[in-house]
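Asker: Submitted below is the structure of interest, expressed as structure tokens.
The values are calculated or read from the model by the stated rules, or taken from the named source; none is laboratory data. No experiment lies behind these values; they were computed from the predicted model shown. Glycine gets a Cβ as well: all are built from the backbone with ideal geometry, and neighbour counts include every protein chain shown.
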């Protein structure tokens with residue numbers, strides 16, 4: 001019999017998790033529709049990479065502010081406000097698409113607004129998780145939260161590709177707008193167990209000093225920065241890969257869905273390895289090096305189904321990086337500044353994705369998408385092998401004192 005994870009028996013976490021699942025699915029509908037429209041309007045891989053830069057770019061300046069908001073204010077209120085901003089932007093895109101007034105510049109402007117809401121709200125949502133579950137269930141909650149993101153990665157792109165093909169982009173944007181509303185309602189219905197505000201008067205530079213001074217947090221942030229920069233073209237240039245394979249929007253959805261399916265498999269495998277005693281200090285460098293293998297296979301493939309398998313393989317180790325880095329940071333960072341350290345974590349994810357996707361898009365424009373992918377392969381392989389040679393054991397140690 002299928003067992004319900006214990007953490008889902010916590011009603012506040014369950015409500016937020018289910019609503020987040022719906023919202024993440026909606027976001028992938030948006031990604032598929034916007035990326036495909038921009039590629040068709042511009043016929044430019046660089047424009048697709050630039051769209052990722054616009055979506056992730058706000059994290060350059062807002063991630064640390066988002067972390068401060070998460071520590072200083074009610075995290076539910078921060079989430080509600082930022083999801084409302086994203087919902088309005090998605091609804092505007094739906095209306096403009098329906099009226100025939102949607103252009104590439106408008107897509108970029110509204111995508112930027114979505115990125116602002118995401119950058120300001122993510123640290124609060126990540127830091128809210130410990131307040132929704134008992135402390136012993138936190139690792140399971142973080143892992144399940146990441147698994148939910150990848151259920152969305154599996155279902156959202158596939159549904160988005162089919163919905164785009166059958167009904168057009170307006171429906172993709174509209175469903176995304178409604179999904180933000182579902183998350184707002186869920187957040188309004190929960191009452192967190194606790195809310196940590198003791199770091200309200202602590203300057204951000206102190207959190208930065210703590211994060212950089214601790215070898216474990218420093219390795220986690222640097223490792224995620226390298227991974228996000230080098231591996232981002234797997235996801236962000238998927239419209240260009242699908243176009244090269246003549247797969248169309250439906251094929252794009254299946255390629256991204258394969259990555260989500262691989263992530264689901266990877267979540268189960270990772271949990272089993274941890275139960276057997278393998279620490280995050282080892283699984284993280286393994287994930288980095290293995291991602292180089294999958295990305296190389298994707299770059300060299302000229303056959304859709306081989307690319308499908310390569311995307312699935314990449315998804316396995318993609319989720320290892322995100323689950324283990326996120327969990328390790330939440331278990332290692334001082335309790336009074338978890339939100340701020342998670343803001344630094346967001347910066348190490350989103351900003352490098354923007355840089356990596358933008359750079360890979362320019363390379364793809366000049367020399368083809370294969371070249372854009374292979375540059376990332378080299379970076380992943382080099383850092384993965386180095387970090388396996390220099391394993392940082394403190395990653396598996398306990399929480400730091402402030």
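Asker: Can we say residue 43 is without any contact (Cβ under 8 Å) to a residue 40 or more places away in the chain and either crowded, with 18+ Cβ neighbours inside 10 Å or more than 20 Å from the chain's Cα centre (by Cα) (or both)?
Answerer: yes
Asker: Could you grab me the full set of residues in segment 156-169 that are more than 23 Å from the chain's Cα centre (by Cα) and either surrounded by 20 or more Cβ atoms within 10 Å (Cβ to Cβ) or farther than 18 Å from residue 92 by Cβ (or both)? Working first, answer last.
Answerer: Step one: of segment 156-169, the residues more than 23 Å from the chain's Cα centre (by Cα) are 165-168.
Across segment 156-169, the qualifying residues are 165, 166, 167.
Asker: Do you know which of the residues in segment 385-399 that are more than 18 Å from residue 278 (Cβ to Cβ) and in contact with a helix residue (DSSP H, G or I) (Cβ under 7 Å, 6 or more places away or on another chain) is surrounded by the most Cβ atoms within 10 Å (Cβ to Cβ)?
Answerer: Of everything passing the filter in segment 385-399, 385 is surrounded by the most Cβ atoms within 10 Å (Cβ to Cβ).
Asker: Read through the list (1) closer than 17 Å to residue 51 by Cα; (2) under 20 Å from the mean Cα position of the chain (by Cα); (3) at pLDDT 80 or above; (4) buried (at least 24 other Cβ atoms within 10 Å of the Cβ), then give the number of the only condition that residue 354 fails.
Answerer: Looking at each condition in turn, residue 354 falls short on (3).
Asker: Here is a list: 402, 366, 378, 382. Which entry is surrounded by fewer than 24 Cβ atoms within 10 Å (Cβ to Cβ), at pLDDT below 85 and out of contact with any helix residue (DSSP H, G or I) (no Cβ under 6 Å at 6 or more places or on another chain)?
Answerer: Result: 366 is the single residue among 402, 366, 378, 382 that is surrounded by fewer than 24 Cβ atoms within 10 Å (Cβ to Cβ), at pLDDT below 85 and out of contact with any helix residue (DSSP H, G or I) (no Cβ under 6 Å at 6 or more places or on another chain).
Asker: Just to confirm my filter: which helices (runs of 4 or more DSSP H) fall fully inside segment 237-351 and include at least 2 residues that are under 29 Å from residue 42 (Cβ atoms) and at pLDDT 90 or above? Step through it out loud before you land on a result.
Answerer: On the way: elements: 238-244, 248-275, 280-300, 304-332.
Here the list reads 280-300, 304-332.
Asker: Can you tell me which of 31, 61, 38, 16 is free of Cβ contacts under 8 Å to residues at least 60 places away in the same chain and either surrounded by 24 or more Cβ atoms within 10 Å (Cβ to Cβ) or on the phi < 0 side of the Ramachandran plot (or both)?
Answerer: 61
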